[in-house]
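Any read-out appearing in this document is the output of simple, stated calculations on the displayed coordinates, not a laboratory observation. Quick caveat, the model's predicted, so the values are computed rather than measured. A quick note on method: Cβ atoms are made from the backbone with ideal geometry, for glycine too, and the neighbour counts reach across all protein chains shown.
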Amino acid sequence: MRVNGVPWRPIRLAAGGGGVEVIDQRRLPHEFVVVPLATLADAATAIADMWVRGAPLIGATAAAGVALHMDRDPSDAGLGEALATLAATRPTAVNLAWALADMRTRLAPLVPAARAPAAWARAAAVCEEDVAINRAIGEHGVALVAAVAARKAGPVNILTHCNAGWLATVDWGTATAPVYLAHERGIPLHVWVDETRPRNQGAHLTAWELAAAGIPHRLVADNAGGHLMQRGLVDMVIVGTDRTTATGDVCNKIGTYLKALAARDCGVPFYVALPSPSIDWTITDGLGEIPIEERPGREVTHVGGRAADGRLTEVRICPEATEAANPAFDVTPARLVTRLVTERGVCPASAAGLARLFPERAGVP
Ligand code: MRU
């Protein structure tokens with residue numbers, strides 16, 4: 001996607017390896033700042049402190065973090081340290097575990113001297129594969145948008161939660177890929193952007209992306225979605241996912257479940273854009289088996305933004321004595337999901353639906 005007309009990605013690897021730079025997403029939408037990642041520790045901090053975030057981008061950054069460390073210490077111990085350090089950064093998005101397992105499988109059998117070039121090549125491939133996956137999700141998803149457009153006058157109204165946009169991936173986004181393609185193809189649309197408390201990824205990131213692309217959108221408080229759906233102002237919901245079980249239970253940013261409940265009550269289709277690295281084939285019970293990240297209470301007790309003098313700042317919004325709980329994700333049971341939109345096509349949110357599209361994985365833990 002473009003930033004001020006210039007093609008950009010939220011992570012960029014130097015050709016041939018050796019260098020990584022990422023957009024510091026903590027400063028958007030107010031400042032566009034690109035920072036280098038030079039070490040394993042940099043990559044781990046960037047993921048844990050959410051300079052980068054979004055399941056596919058977490059996976060890509062982890063792969064790059066392993067490559068950075070292979071430049072310094074390609075021994076077995078060094079590989080083990082890289083994998084363990086990165087695995088400890090964030091618990092919910094399964095793309096992290098997926099990327100680390102992939103790197104381990106490819107690098108562990110190699111002699112140490114061969115590991116750094118192989119790691120850089122694989123990290124670059126992980127990035128390119130993500131772009132292709134998201135583009136394919138877009139192609140399948142845009143057909144759903146076009147079908148709505150064909151039977152109504154006026155724009156297709158799409159509601160999305162959090163940021164499953166290009167900033168959350170290497171390009172295109174997952175939930176936003178159908179939106180970008182629909183816009184490119186002249187399908188009139190309008191996006192309701194949930195602000196997504198506590199970190200406001202919708203307000204800070206999705207709104208920034210859509211504004212940059214010239215896509216009509218409006219920001220709404222998280223609590224507005226049910227009301228909009230009751231009034232017929234939402235034609236479809238499209239969200240991303242951090243981890244989806246082999247049976248189609250969807251874990252995504254906190255608040256997603258409430259949108260799915262409202263969508264079911266109002267007869268609004270609820271779609272999940274699902275890249276295959278976000279499928280956890282080892283589990284079948286989303287509520288029981290997916291670790292839900294608990295983040296610092298400060299993200300709830302404080303709100304960040306730009307002050308009138310231009311400074312980025314935070315303000316406290318509750319009494320000094322009030323403590324906060326901050327579960328970062330929730331699980332939407334498969335029964336509330338209308339369809340999963342994967343790179344291989346659209347399927348019911350069920351074991352059978354996923355097995356039909358990914359027969360090589362069905363029943364393989
Ligand atoms: O805490 P975040 O910002 O990493 O959470 C991101 C989400 O919940 C996204 O919806 C999800 O990772 C899918 S990104 C394509």
Item to complete: Could you check the simple spin-label distance between residue 88 and residue 311, using points 7 Å along Cα→Cβ, in nm with one decimal?
Response: 3.5 nm
Worksheet, complete the sentence: For region 131-361, the dipole about the Cα centre with charges only on Cβ (Lys and Arg +1, Asp and Glu -1), to the nearest 20 debye, works out at 680 debye
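Based on alpha-carbon atoms only, what is the radius of gyration of region 184-235 relative to the globular estimate 2.2 N^0.38 Å?
Region 184-235 yields a ratio of 1.18.
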Worksheet, complete the sentence: Taking placed amide H atoms and a strict 5 Å upper bound, the residues 5 or more places from residue 191 or on another chain that come that close are 158, 217, 218
Worksheet item: For region 228-234, in order, what is each residue's ³J(HN,Hα) by Karplus, 6.51 cos²θ - 1.76 cosθ + 1.60 with θ = phi - 60°, in whole Hz (x at glycine and Pro)?
Response: 4, 5, 4, 8, x, 9, 10
Worksheet item: In nm, to one decimal, how far is the modelled label at residue 356 from the one at residue 4, with both set 7 Å along Cα→Cβ?
Response: 4.8 nm
Worksheet item: Considering every Cα-Cα pair within region 131-361, what fraction, in whole percent, is farther apart than 26 Å?
Response: 35 percent
Practice prompt. Quick one: which residues, 5 or more positions from residue 283 or on another chain, have an amide H under 5 Å from its amide H? H modelled 1.01 Å from N in the peptide plane, none for Pro or chain starts.
Written response: 246
Practice prompt. For n ≥ 4 DSSP H runs only, could you compute -39500 (n - 2.57) per run for the chain, divide by its residues and tell me the 222 nm figure to the nearest 500?
Written response: -12000 deg cm²/dmol
Fill in: Angstrom value of the Kirkwood radius, inverse mean 1/r, which spans all Cα pairs in region 1-55
11.9 Å
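Please give the peptides 121-128, 46-53 ranked by average Cβ packing (other Cβ atoms within 10 Å per residue), highest first, as a rough proxy for protection. Intermediate values should be presented prior to the final figure.
On the way: 121-128: 19.1, 46-53: 21.5.
Descending mean neighbour count gives 46-53, 121-128.
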Response to the item:
With a Förster distance of 35 angstrom and the Cβ-Cβ distance between residue 294 and residue 135, calculated FRET efficiency to the nearest 0.05 equals 0.55
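Over the chain, what relative contact order in percent results from Cα pairs under 8 Å that are six or more residues apart?
After rounding, I find 16 percent.
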Worksheet item: If you wrap region 1-150's Cα atoms in a convex hull and average its projection over all directions, what's the area in nm²?
Response: 10.1 nm²
Worksheet item: Measuring from centroid to centroid over Cα atoms, what is the spacing of region 140-176 and region 197-244 in Å?
Response: 11 Å
Worksheet item: Quick one: Debye curve from the C-alpha atoms of region 204-269, no solvent, what's log10 I(q)/I(0) at q = 0.20, 0.25 Å⁻¹?
Response: -0.95, -1.19
